[in-house]
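Chemist: Handing you this structure, nothing more for now.
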Amino acid sequence: MPAPMMDTYSPPDLVFDHGKGTRLYTEAGDAYLDFISGIAVNCLGHAHPKAVAALNEQAGKLWHLSNMFKVPKGIELAEKLCAATFADRVFFTNSGAEAMECALKTARRYHFVNGNPQRYRIITFTGAFHGRTFGAINAGGNPKYLEGFGPAMEGFDQVEFGDLDAVKNAVTEETAAICVEPVQGEGGVRAPEDSFLRGLRQICDEHGLMLIFDEVQSGAGRTGKLFAHQWVEGAEPDIMAAAKGIGGG
């Protein structure tokens, strides 16, 4: 009989019963240092008392209302994020891949409502990882993740990460946005020169493009600031996707 769950990552037989801080424990009490953190998710560690208290308090009040109703705590978080970043507004969704899908759609929609529906193409970069939805794997462009899912989605132009000249040459009258990770995660923990991010901002300003930053992995304090791009003056995005650590698991 096949296993009931897909072995997406070929998990080992090792099973953890609970965690505390940076440690994971088996039922037998064997301790392991958690270097993976739920793939950059558990920014407060396991069973952090403040997180547990907040979850327990909310669980005793409301579970889920959807975006059809105002949620005071959600509004409070949105206000804090706007105050701490470039953003004017926040949209909450379920995952990093969905945040990226929203970012890509927002960029295209921006040009559509401004009378330029022909501007839909998005420049992306080699080594990128933007999630595992169909749109996200096409934005990432990794052949390994595209294999077996039919023809590639049209509308993405991939250039070499860190190459400003290649970006400039890729811009056409159909370009809507540039999408980049300020620090690539799966691409090898690659941080470009500050001048690259500033250059992308300048190109977008010159051509009326949207600059999208994927900070799903690099955000939530992983680089010492709330978001990685905040280390670079003059490189604020128009749209940013955040997830993983921002939800703390």
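The values are calculated or read from the model by the stated rules, or taken from the named source; none is laboratory data. This is a predicted model, so every value here is computed, not measured. Ideal geometry is used to build each Cβ from the backbone, glycine not excepted, and the neighbour counts take in all protein chains shown.
Chemist: Taking Ala166 as the residue in question, decide whether it is within 13 Å of Cys179 (Cβ to Cβ), surrounded by 15 or more Cβ atoms within 10 Å (Cβ to Cβ) and of a type in the set (Gly, Ala, Ser).
Modeler: For Ala166, the condition - within 13 Å of Cys179 (Cβ to Cβ), surrounded by 15 or more Cβ atoms within 10 Å (Cβ to Cβ) and of a type in the set (Gly, Ala, Ser) - is not met.
Chemist: Just to be sure I understand, how many residues within region 151-199 are of a type in the set (A, V, I, L, M) and over 23 Å from Ala40 (Cβ atoms)?
Modeler: The qualifying residues number 11.
Chemist: Pick out the one residue from Ala87, Ala28, Ala136 that is small (Gly, Ala, Ser), under 19 Å from the mean Cα position of the chain (by Cα) and not in a helix (DSSP H, G or I).
Modeler: None of the others qualify; the one that does is Ala87.
Chemist: OK, next. For region 211-226, enumerate the residues that are surrounded by fewer than 23 Cβ atoms within 10 Å (Cβ to Cβ) and not polar (S, T, N, Q).
Modeler: Those that are surrounded by fewer than 23 Cβ atoms within 10 Å (Cβ to Cβ) and not polar (S, T, N, Q): Ala220, Gly221, Arg222, Gly224, Lys225, Leu226.
Chemist: Can you tell me which of (1) assigned to a helix (DSSP H, G or I); (2) touching a residue at least 40 places away in the same chain (Cβ under 8 Å) is the one Gln118 doesn't meet?
Modeler: Gln118 satisfies every listed condition except (1).
Chemist: Quick check, is His18 under 25 Å from Val189 (Cα atoms) and surrounded by 10 or more Cβ atoms within 10 Å (Cβ to Cβ)?
Modeler: Answer is no for this residue.
Chemist: Restricting to region 209-226, name every residue that is under 25 Å from Ala54 (Cβ atoms), without any contact (Cβ under 8 Å) to a residue 40 or more places away in the chain and either out of contact with any Phe, Trp or Tyr (no Cβ under 9 Å at 6 or more places or on another chain) or of a type in the set (D, E, K, R) (or both).
Modeler: Glu215, Lys225
Chemist: Pairs please, first residue from region 227-239 and outside the structural domain of Phe91 (by TED's automatic domain parsing), second anywhere and acidic (Asp, Glu), Cβ atoms under 6 Å, 6+ apart in sequence or on different chains.
Modeler: No pair meets every condition.
Chemist: Just to be sure I understand, how many residues within region 149-180 are more than 19 Å from Tyr110 (Cα to Cα), of a type in the set (Gly, Ala, Ser) and at pLDDT 95 or above?
Modeler: 3
Chemist: Take the residues of region 86-121 that are among the β-branched types (Val, Ile, Thr) and surrounded by 14 or more Cβ atoms within 10 Å (Cβ to Cβ): which is farthest from Thr172 (Cα to Cα)?
Modeler: So the residue we want is Thr93.
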